[in-house]
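Participant: Okay, here's the structure, questions in a sec.
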Amino acid sequence: MSNLRENIEEEKISLSFLFQSFKDWISFLISKKKLILLGTVSILFFTISYNYLINPVYYARTTFVLDNENSAGSMADLSSLASLAGINASSFIDASSLFQIDNIQELYRSNSMIKETLLSSASHKNDNFLIIERFVKSEKLEKKWKRLGVEIKDFKSKKSSRVQDSLVKDLIKLIKKEYLIVDKPSRKTTILEIGFDHKDEVLAKTFNENLVSIVNNFYNKTKTLKTGLNMEILQRQADSIKMVLDTSIMMLAETDQSIPNPNPLTKVSLVPYQKAMIDVQANGAIYQELLKQLELAKVTHRNKMPLIQIIDKPDYPLESSKWKLLKTIFYGLILGFFISVLFLSIRRTTDSL
């Protein structure tokens, strides 16, 4: 019992000591209210100055959805067969969708796509420029490149030197590391977000737009390459057979005209006409079948085209790292008060030691 009473008394003493220490600390802060106010106002002024004097980073974002109806449709038979076997095939279809979105993500990070974007042109307020030109000026690399014997105007020509290729590779590494964002916000959706963050607002927007356009066009062409080639071959064959069919029809007409009243008893005189008729029928059947195949190829080609629907795209003014005035004042006051209180508390502790 005595030990229990001693423990209770010690706890009471500890609580009363803590409470008294807290009261002393509050009293100390109240006595230093002018210093706290001065420190808060000073830090608030510094926060506002920093927010409006430092160049902000602009955020260019494009989000789009990749429609995977084709992949799901192509796996419909697999799904039905798997359901008969008691297997859930949705995982296969989801995997196919992820495979497509993973492919296009890697395209956005590829060196070739970024290089093509850097060498592409853009315009702003009637000013035409190369993306690489704007990027190099923003990064203040002109003098460094001139010392290496390379100028920005050299990139306007199709031929490039070894030094130019090396410098472009360095830019690509910098872009991947510092500025480019390729993200999939949700694992369960096929929505992709492409971002480019930079202190140059025009560069951020134009680079983002050009990269999205170049990659999506390349992805579209790649997905429909085989079906497109097949459609072109069938179209050429159909045009060729159509010409042959027209020629055979003309020959049939000429043969029929050369023998207006054939003698039915002389069978030999009917042979040229019959041959021409067979050619017309054969070529007509071939042409009809090719037209069927061509229409099927067109439908297949359309079905193979991936639907990339833009949801959001960057528009001026872009969102930036710069805070609004009310937000700056709010955070500046909190930060200033906290730092002032912390500084005075540390100083009081050190003086008491």
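The values are calculated or read from the model by the stated rules, or taken from the named source; none is laboratory data. On a predicted model such as this, the values are computed, not experimentally measured, just so you know. Backbone-built Cβ (ideal geometry, glycine too); neighbour counts: all protein chains shown.
Participant: Restricting attention to the range 214-221, does a residue exist that is in contact with a Ser or Thr (Cβ under 6 Å, 6 or more places away or on another chain), in a helix (DSSP H, G or I) and in contact (Cβ under 8 Å) with a residue 12 or more places away in the chain?
Facilitator: Checked against the condition, which is being in contact with a Ser or Thr (Cβ under 6 Å, 6 or more places away or on another chain), in a helix (DSSP H, G or I) and in contact (Cβ under 8 Å) with a residue 12 or more places away in the chain, the range 214-221 yields at least one hit.
For every residue, the table says whether it meets (1) touching a residue at least 40 places away in the same chain (Cβ under 8 Å); (2) surrounded by fewer than 17 Cβ atoms within 10 Å (Cβ to Cβ); (3) more than 17 Å from V212 (Cβ to Cβ); (4) not assigned by TED's automatic domain parsing to the domain that holds L203.
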| residue | (1), (2), (3), (4) |
| --- | --- |
| S121 | no, yes, no, no |
| N128 | no, yes, yes, no |
| K140 | no, yes, yes, no |
| F155 | no, no, yes, no |
| K159 | no, yes, yes, no |
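Participant: Conditions: (1) out of contact with any Phe, Trp or Tyr (no Cβ under 6 Å at 6 or more places or on another chain); (2) among the charged types (D, E, K, R); (3) buried (at least 17 other Cβ atoms within 10 Å of the Cβ). D197 meets all but one. Number of the miss?
Facilitator: With respect to (1) out of contact with any Phe, Trp or Tyr (no Cβ under 6 Å at 6 or more places or on another chain); (2) among the charged types (D, E, K, R); (3) buried (at least 17 other Cβ atoms within 10 Å of the Cβ), D197 is out only on (1).
Participant: While we're here: Which ones in the range 304-327 are assigned to a strand (DSSP E or B) and either charged (D, E, K, R) or in contact with a Lys or Arg (Cβ under 6 Å, 6 or more places away or on another chain) (or both)?
Facilitator: D312, E319, listed by residue number.
Participant: Select from the range 309-352 the residues that are touching a residue at least 60 places away in the same chain (Cβ under 8 Å) and among the aromatic types (F, W, Y) and write down the one among them that is surrounded by the fewest Cβ atoms within 10 Å (Cβ to Cβ).
Facilitator: Ranking the qualifying residues of the range 309-352, first place goes to Y316.
Participant: Report every pair of residues separated by at least 6 positions or lying on different chains whose Cβ atoms are under 6 Å apart, first residue within the range 181-200 and within 30 Å of S138 (Cβ to Cβ), second at pLDDT 90 or above and among the basic types (K, R).
Facilitator: Hits for this filter: V182/R109; G195/R61.
The rows are residues; the columns are (1) over 22 Å from S186 (Cα atoms); (2) modelled with pLDDT of 50 or more; (3) in a helix (DSSP H, G or I).
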site: A72; (1), (2), (3): no, no, yes
site: L78; (1), (2), (3): yes, no, yes
site: I104; (1), (2), (3): no, yes, yes
site: Y108; (1), (2), (3): no, yes, yes
site: K115; (1), (2), (3): yes, yes, yes
site: A122; (1), (2), (3): yes, yes, no
site: F129; (1), (2), (3): yes, yes, no
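Participant: Looking at (1) at pLDDT 70 or above; (2) surrounded by 13 or more Cβ atoms within 10 Å (Cβ to Cβ), which one does N68 not meet, given that it meets all the others?
Facilitator: (1)
Quick grid of which residues meet (1) under 23 Å from D315 (Cα atoms); (2) modelled with pLDDT of 90 or more; (3) not aliphatic (A, V, I, L, M):
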| site | (1), (2), (3) |
| --- | --- |
| G149 | no, no, yes |
| K159 | no, no, yes |
| L174 | no, yes, no |
| K205 | yes, yes, yes |
| I214 | yes, yes, no |
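Participant: Can you name every residue in the range 176-201 that is modelled with pLDDT under 90 and either at positive phi or assigned to a loop (DSSP other than H, G, I, E, B) (or both)?
Facilitator: Scanning the range 176-201 gives K184, P185, S186, R187, K188, T189, T190.
Participant: Same structure again: If a residue must be outside any helix (DSSP H, G or I) and surrounded by 15 or more Cβ atoms within 10 Å (Cβ to Cβ), how many such residues does the range 231-259 contain?
Facilitator: So the answer is 0.
Participant: Where residues in the range 203-220 are β-branched (V, I, T) and surrounded by 20 or more Cβ atoms within 10 Å (Cβ to Cβ), which of them is nearest to E142 (Cα to Cα)?
Facilitator: T206
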